[in-house]
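The values are calculated or read from the model by the stated rules, or taken from the named source; none is laboratory data. The structure displayed is predicted, hence computed values, not measured ones. For neighbour counting, all protein chains shown are included, and Cβ atoms are generated from backbone atoms with ideal geometry for every residue, glycine included. The protein model used for the area step is the full one, side chains on, heavy atoms only, and it has no ligands, DNA or RNA in it. Shrake-Rupley method; radii C 1.70, N 1.55, O 1.52, S 1.80 Å.
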Amino acid sequence: MTTARAAALDILARSHSREGFVAELLDENLTRTGLSAQDRRFVTQLVFGVIRRRGTLDALLKPFIQRPLNNVEPALMDALRLGAFQIAFLTHVPKHAAVHETVELANHIGRGQAKGFLNGVLRRVAETVTDEYTDAPGADALPFEAVPSSVTVGSAAHSDFSTPAGEITERPAVVGRYRKLARPVLPNLEEDFAGYLAAGFSWPRWLADRWLARFGRDEATRLGFWFNAPPSLWLRVNKLKGEREDYRVQLAARNIDADTGPHPQSLRLLEGHSVRDLPGYADGEFAVQDPSAMAVATALNPAPGWRVLDLCAAPGGKTTHLAELMHNRGRIVACDIEAKRLDTVATLCRRLGVSNVEPVLVKDGTDAPAGPFDAALVDAPCSNTGVLGRRPEVRWRVQPGEFEYLIRLQTKLLFAALDRVKPGGVVVYSTCSIEPDENENVVKGVRRGIKGLKVEAEGYAIPGKPADGGYWARLRKPG
Ligand SMILES: C[S@@+](CC[C@H](N)C(=O)[O-])C[C@H]1O[C@@H](n2cnc3c(N)ncnc32)[C@H](O)[C@@H]1O
């Protein structure tokens, strides 16, 4: 019988050699383990935590390992990170249990002879992590958790994000808590603040350099805490089935508390839940979607009866939202290059009672049906830098050299969509990136190529205010 820690280690091993999102890997593997619901939650916490905090865990482990970390066997490195994560970030696991249980995993991975090594390193980590906390960062202070405090109103002082003119944003002022270490382990922040951000918040160095230069110390620190906090579960109440308030009452009847969010269909659950166990799941009363993503279909504002092209549709979150806004009338041509992911669009449509969607497998998007369409959505593949919290592996996968390729692809897809809408038609371009080069700069580039193309509106979702980060622009093709 496998234990939660052993299952977490197995999933971590698989995550190294796999393209998809870790959330999907967890979903696929957890059901097979026979673990209790509580243990499954623990596995999720361990896997997400180790991946999200990898940079910080490596900084903690490094002083106690006498060789370069990339010379340590990957399975042992995963076990060390798993142990260090429990010691430094899980207060409900006693340190001695974290060390002992992790050392025992040596047998599970066929490395019984490495028990002494695991034990020696993890005991030193346990001695280094104290039980004291502070509000101040430092080489001996590990960023531990975000502490949301009072809600303030205004725009982000250190951010170059903009909100639509005249809009007031609610901004939770986030103060972080740091866990004191018995000795300095992180870079000195006066000498190398970007190094501190990279090691303390587990960002690749290039991203820490980029965001420190762009946002400044305070906002970069706020983003650091936000992107390491476990993300909230947001639901979009299905307009085809009922109203948000009615669904909230259904949740309350099951003692499930939910807050309303900034989008009129959004609800945030105040505690973690298995989505499939929520009331009305099988009947399609809701979809899981962040309110920043909900803003995109709303920005397109499709009328019932329109013919709409969704050029990058899988897994169908925004396609189905468009269908709801169209009262399930008209037609949505939902294209994607990935057949397996396109299947999930059809599955989601069935669950939500959406019947006006036609999935179409394309080779590269330029072969999408010709139209003309009344409107199109380009929810483009991107670096995902606005959703680093929800997709913990993304920060380690994206490379600075990829931006050029992504920008070319995004531009190509936006031109393809504009080609296919009728004169005077609407195109919404969106990403879950917060990099201007993938957002407003793509739009600017395309506008240079199409005379008379207008930007009717655009919006940035700022990470943590209150949900994921992202961007959308609503464009009007000349008539
Ligand atoms: C950001 S995701 C779309 C998410 C989706 N709109 C939703 O809300 O659920 C981007 C999608 O674009 C697809 N994609 C990547 N390159 C593409 C291309 N050249 N043409 C069409 N789709 C593409 C990917 O397979 C991926 O499913």
Can you give the local net charge around Val103? Use residues other than it whose beta-carbon is closer than 15 angstrom to its beta-carbon, Lys and Arg +1, Asp and Glu -1.
+4
Take every DSSP beta bridge whose two residues both sit in the chain, then give the antiparallel share in percent to the nearest 5.
65
Residue-normalised value, i.e. accessible area per residue, for region 291-477 at 1.4 Å probe, in Å², stands at 37
Quick check on packing: order 461-472, 228-239 by the mean number of other C-beta atoms within 10 Å, highest mean leading.
461-472, 228-239
With +1 on each Lys and Arg Cβ and -1 on each Asp and Glu Cβ, and nothing else charged, work out how big the dipole of region 1-154 is about its Cα centre, in Debye to the nearest 20.
400
One finds the C-alpha centres of region 254-314 and region 8-45 to be spaced, in Å, by 25
Would you please state the base-10 log of I(q)/I(0) at q = 0.06 1/Å for the chain, with intensities from the Debye formula using one equal scatterer on every alpha carbon?
-0.29
For region 291-477, what is the Kirkwood estimate of the hydrodynamic radius, computed as the reciprocal of the mean inverse distance between distinct Cα atoms, to one decimal in Å?
16.4
How fast does region 243-345 diffuse by Stokes-Einstein, in µm²/s, taking the Kirkwood radius from C-alpha pairs at 4 °C and 1.567 mPa s?
87
Ranked packing of 318-328, 339-349, most packed first, by mean Cβ within 10 Å
318-328, 339-349
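How big is the C-alpha Rg of region 233-288 next to the rule-of-thumb value 2.2 N^0.38 Å, as a ratio?
For region 233-288, the normalised Cα radius of gyration is 0.97.
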Hey, which of these cross-link pairs are over 25 Å Cα-Cα: Lys340/Lys465; Lys340/Lys477; Lys95/Lys115; Lys340/Lys454?
Lys340/Lys465; Lys340/Lys477; Lys340/Lys454
Per q in 0.13 Å⁻¹, report the Debye log10 I(q)/I(0) for region 1-77, using one uniform scatterer on each alpha carbon and no solvent.
-0.43
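Once you have the Cα-Cα distance between Asn255 and Arg350, take 0.36 nm times their residue separation minus that, and quote the gain in nm to one decimal.
That works out to 31.4 nm of additional length.
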If every Lys and Arg gets +1 and every Asp and Glu gets -1 at its Cβ, then about the Cα centre the chain yields a dipole, in debye to the nearest 20, of 560
Percent of alpha carbon pairs in region 427-479 separated by more than 19 Å?
27
